[in-house]
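Chemist: I have a structure I would like to understand better, so I am pasting it below and will then ask my questions one at a time.
Please treat every number below as a calculation from the coordinates, not as lab data. This is a predicted model, so every value here is computed, not measured. All Cβ positions, glycine included, derive from the backbone under ideal geometry; neighbour counts span all protein chains shown.
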Amino acid sequence: MNARSSFFIRGFLLSVFAVLIPAAASYAHHSFAAYDIRNAVEITGVAEDFAYIRPHPKLSLVDDEGVSWEIEVPIRRWQGAGLAPDAIEPGDQLVVRIFPARSGKPKAAMSGFTKDGTYHSVTEEVRQRSGNEAADAIESGESLEEVLERYPEPEPGSEPRQGRRSEPEPE
């Protein structure tokens with residue numbers, strides 16, 4: 001192998017690793033482990049805000065009991081359902097089907113929502129390995145604290161800031 005081929009191979013390998021390392025970190029971030037994916041519930045309330053941003057759109061909703069919810073929306077599934085970025089607007093009365101946070105905080109991942117009498121499915125079933133592993137561990141008796149230690153929620157502000165994009169994101 002000559003020096004030129006060796007240089008090309010090293011450059012190619014560095015490029016592959018440069019892509020794979022951030023992708024692995026991104027995949028870990030997109031876990032449903034922090035949410036109770038096997039026990040979806042419905043909450044009724046008014047949308048305060050819907051920010052269609054990367055990496056996850058966020059719905060801020062005040063429920064009928066006055067609790068403010070932060071609901072994460074899987075963007076790839078939102079787009080796959082054919083929903084427009086402005087499908088939810090401030091002031092909309094909604095019934096939202098959610099996977100609640102295991103921590104008990106008013107945070108959730110969206111399964112779907114009803115607006116003006118029409119149900120919009122976003123994520124009916126989570127097949128993600130880490131989310132299901134967390135659910136299995138809790139159902140087998142492992143403590144919530146132990147499970148969340150392995151699959152922690154991202155710290156506020158730790159998510160990458162990526163701005164708006166319309167193409168699908170990896171999950």
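Chemist: If amide hydrogens are placed 1.01 Å from N in the peptide plane, which non-local residues have theirs closer than 5 Å to the one on A33?
Modeler: Result for A33 returns G131.
Chemist: I need the peptides 91-99, 58-66 ranked by packing, meaning the mean over residues of other C-beta atoms within 10 angstrom, with the highest value on top.
Modeler: In descending order of packing, they fall as 91-99, 58-66.
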